[in-house]
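Student: Structure in structure tokens, see below.
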Amino acid sequence: MLYREFSPHILLHQYVETYWAASGFMKTEEYHKILPDGCVDILFSFGSVSAKGKVIPFRPNIIGTTTSYIENYYLNTLDMIGIRFRPGGLTAFTSTPIHEFTDKIIELTSTDSLFDDEFHAGLPEMKTTEERIKHLDCYLVGRLKKAFEPERRIIHAVNLIQHSKGQLSLQDVARESCLSPRHLERKFKASIGLSPKAFSNIIRFKSALSYLEQNTDSALPDIAVRFGYYDKGHLIKEFKNLSGELPSSFKR
């Protein structure tokens with residue numbers, strides 16, 4: 001499978017993390033696991049997918065913020081493109097609370113249409129991935145004139161959690177974001193799709209995973225201490241919950 005990423009227009013950088021494309025041909029059904037990352041994706045499939053998959057071909061599908069890994073199966077021709085929104089980025093384009101999409105894969109047109117038909121009409125007829133990406137990029141730039149203002153305090157809270165690799169206490173996140181813990185919880189869930197605690201756990205997991213992949217000789221107790229887990233057992237439990245794998249599985 002060939003996977004590529006494309007940078008969004010500079011005006012979209014605060015909302016869109018990346019555009020991506022995946023393509024290939026599988027003679028037999030292939031299994032792929034997607035790990036939680038705190039983001040919301042909108043994807044389009046122009047090829048065949050396995051009956052086990054939940055993605056509807058030739059229609060825009062929204063993948064909400066996930067609390068654990070997703071298993072996908074692909075067969076024959078794989079031809080997908082997607083938009084990965086930064087945490088909270090989709091709120092610039094919809095007033096729908098993001099937690100309504102959490103842990104769901106939904107055909108976008110079955111919702112109260114976040115975007116009009118121009119968003120996806122014509123995409124299947126476009127001949128190249130670059131042409132499709134350019135179409136989506138131009139569409140989203142055009143929508144900025146009608147964009148909602150994301151909750152700045154929540155975006156600040158997201159940045160605090162990411163900068164601390166998920167280790168800043170929620171009390172400190174709330175205080176530095178000028179929100180009470182209760183309001184942080186409510187607003188964060190509406191904008192990100194997860195509670196601040198769940199999002200912190202995912203960011204900590206991602207940070208520990210990245211470190212583990214780059215430092216394969218590191219002992220698990222040392223990694224647990226470095227990333228604020230209680231002990232090795234706590235680290236292993238979180239890896240199994242979020243990835244379905246033991247930490248040792250990610251040592252290359």
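Student: For the range 232-252, how many residues are under 22 Å from the mean Cα position of the chain (by Cα), on the phi < 0 side of the Ramachandran plot and not in a helix (DSSP H, G or I)?
Tutor: 2
Student: Confirm whether residue 25 is farther than 23 Å from residue 196 by Cβ, modelled with pLDDT of 80 or more and surrounded by fewer than 18 Cβ atoms within 10 Å (Cβ to Cβ). Can you show your working first?
Tutor: Values: farther than 23 Å from residue 196 by Cβ: yes; modelled with pLDDT of 80 or more: yes; surrounded by fewer than 18 Cβ atoms within 10 Å (Cβ to Cβ): yes.
Answer is yes for this residue.
Residue-by-condition table, conditions (1) assigned to a loop (DSSP other than H, G, I, E, B); (2) exposed (fewer than 14 other Cβ atoms within 10 Å of the Cβ); (3) outside the structural domain of residue 200 (by TED's automatic domain parsing):
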{"position": "18", "(1), (2), (3)": "no, no, yes"}
{"position": "33", "(1), (2), (3)": "no, yes, yes"}
{"position": "43", "(1), (2), (3)": "no, no, yes"}
{"position": "56", "(1), (2), (3)": "yes, no, yes"}
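Student: Filter the range 156-195 for residues that are in contact with a helix residue (DSSP H, G or I) (Cβ under 7 Å, 6 or more places away or on another chain) and not in a helix (DSSP H, G or I) and give the result.
Tutor: 165, 166, 167, 168, 177, 178, 179, 180, 193, 195
Student: Ok, one more. Residues in the range 196-210: is at least one assigned to a helix (DSSP H, G or I) and more than 24 Å from residue 247 (Cβ to Cβ)?
Tutor: Of the range 196-210, the ones assigned to a helix (DSSP H, G or I) are 196-210.
Then drop every residue that is not more than 24 Å from residue 247 (Cβ to Cβ), which leaves 196.
Yes, that holds for at least one residue.
Student: Out of (1) within 20 Å of residue 68 (Cα to Cα); (2) free of Cβ contacts under 8 Å to residues at least 40 places away in the same chain, the odd one out for residue 231 is which?
Tutor: Every condition holds for residue 231 apart from (1).
The values are calculated or read from the model by the stated rules, or taken from the named source; none is laboratory data. Note that the structure is a prediction, hence the values are computed from the model and not measured. Heads up, the Cβs are rebuilt from the backbone with ideal geometry, glycines too, and the neighbour counts pull from every protein chain shown.
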